[in-house]
Amino acid sequence: MEKIDLLSLTYEELENYLVENAEKKFRAKQIFDWLHNKKVDDFDDMTNISKECLQKLKETSYLTSMELVKKQVSNIDETTKYLFKLTDGNFIESVFMKYKFGNSVCISSQIGCHMGCSFCASTVNGLVRNLTAGEMLKQIYIVEKDTNERVSNVVIMGSGEPFENYDNVIKFIKNITNPNGLNIGQRHISVSTCGLVDKIYKFADEKTQVNLAISLHAPNDDIRKQIMPIAKKYSIKEIMEACKYYVKVSNRRVNIEYAMMQGVNDSLKDARELAHVLKGLLCYVNLIPVNEIAENEYKKANMSVVNNFARELDKCGIQTTVRRELGSDIDAACGQLRNKQMEEDR
Ligand code: SAH
């Protein structure tokens, strides 16, 4: 019999699992507390659970674990990058960021990625597998333990395409927002997608208050196809319609991510075209100079070019922020640390 991955169970699933194993339903509250607040790594640490119940748990389930193998702290802004080794030997990364409004963790949703964006380090070796909900949670739990700080915000913006791992991401969101667990507010969670249109509709219909970010990075389909293979499947027009539906259902503004690459998507003409495309969508644009990485040749747009681009969008009535780069000295762009580790291992 295959063992149950206890940390990945939602609260309801945990209740059902206990009942199926002839245990009392109320035990779910206690066990959920051990898993998600006290963050135990060992069944025997659950001191208020009876021996018999623990025995059953051990026989039929397991606790997700991962090893913290490397930590890089930025000298500039305390941003910390974590490298974890999973039980199957794979590596994943997470980033801890301190802001005035609280602490944020950026988590990975997959090991690698197969979206193939040409500027991204996470995708160069393809997709290995989806992460479980438990493996996504554990990234945050270990960071909380390690920093001794409470995490108040979560961004699902590390390696991987979260909407390719849709069901596990939903379970993750259910668990991290559960009042019996970390109880992070939905509005403090962001999920970023390269634009899987069918999943944007599906996600809207979950009726959450989670922030949706779209990695657009281009003002038209021609440029987008050059840098993002997914553009061959879904047009910007289709993405915009899906975003409007998200706004309608959630009443939330959508974030448009735009990584500026020198000579690729950073002209004033691009800015005006982008503004035109976004007309009528409740959104704001995050401009970020592309992170230059060893895996490709893209150069970041000059800061003056980025600021002019932002001004042009503003003039056209599009709310824009130029995102502060954090952790530029620690390979904080997703995928970089993992790639280095894999090279060292080879
Ligand atoms: N697959 C999802 C989430 C992971 S990528 C998505 O596409 O949104 C997280 C964000 O980092 C995306 O906006 C992605 O386009 C961006 N990104 C990837 N590589 C980058 C780089 N080298 N510089 C700047 N942003 C990058």
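The values are calculated or read from the model by the stated rules, or taken from the named source; none is laboratory data. Please read these numbers as outputs of a predicted model, since none were measured by experiment. Virtual Cβ from ideal backbone geometry, glycine too; neighbours counted across all protein chains shown.
Kindly provide the set of residues from segment 165-179 that are in contact with a helix residue (DSSP H, G or I) (Cβ under 8 Å, 6 or more places away or on another chain) and touching a residue at least 24 places away in the same chain (Cβ under 8 Å), ordered by number.
Result: Y166, N168, V169, K171, F172, I173, K174, N175, I176, N178.
A single member of V128, V40, V124 is touching a helix residue (DSSP H, G or I) at 6+ places or on another chain (Cβ under 9 Å) and assigned by TED's automatic domain parsing to the domain that holds N339, and it is V124. In the set L196, L216, L182, only one residue is within 25 Å of R253 (Cα to Cα), touching a residue at least 40 places away in the same chain (Cβ under 8 Å) and within 13 Å of the ligand (Cβ to nearest atom); that residue is L216. When both residues are 6+ apart or on different chains and their Cβ atoms are under 6 Å apart, which pairs have a first residue that lies in segment 286-315 and is under 14 Å from A259 (Cβ atoms), and a second that is among the hydrophobic types (A, V, I, L, M, F, W, C) and assigned to a helix (DSSP H, G or I)? If the second residue must be among the hydrophobic types (A, V, I, L, M, F, W, C) and assigned to a helix (DSSP H, G or I), the pairs left are L287/V306; L287/A310; P289/V306; F309/A271. Note on segment 1-114: enclosed helices (runs of 4 or more DSSP H) holding 2 or more residues that are exposed (fewer than 13 other Cβ atoms within 10 Å of the Cβ) and out of contact with any Gly (no Cβ under 7 Å at 6 or more places or on another chain) are 11-20, 51-60. Pairs linking a residue in segment 129-150 that is touching a residue at least 40 places away in the same chain (Cβ under 8 Å) and in a helix (DSSP H, G or I) to a residue that is surrounded by fewer than 21 Cβ atoms within 10 Å (Cβ to Cβ) and among the acidic types (D, E), with Cβ atoms under 6 Å and 6 or more positions apart or on different chains, are G134/D5.
State yes or no: is E52 of a type in the set (D, E) and not assigned by TED's automatic domain parsing to the domain that holds T10?
On the way: of a type in the set (D, E): yes; not assigned by TED's automatic domain parsing to the domain that holds T10: no.
No; evaluated as a whole, the condition is false for this residue.
Residue count for segment 146-174 under the criterion of being surrounded by fewer than 18 Cβ atoms within 10 Å (Cβ to Cβ) and either among the aliphatic types (A, V, I, L, M) or within 24 Å of N291 (Cα to Cα) (or both): the result is 0. For segment 253-276, filtering for residues that are more than 11 Å from the ligand (Cβ to nearest atom) and crowded, with 19+ Cβ neighbours inside 10 Å leaves 8. Entry remark, segment 182-212: residues being surrounded by fewer than 20 Cβ atoms within 10 Å (Cβ to Cβ), small (G, A, S) and either more than 18 Å from the chain's Cα centre (by Cα) or closer than 23 Å to A271 by Cβ (or both) number 0 in total.
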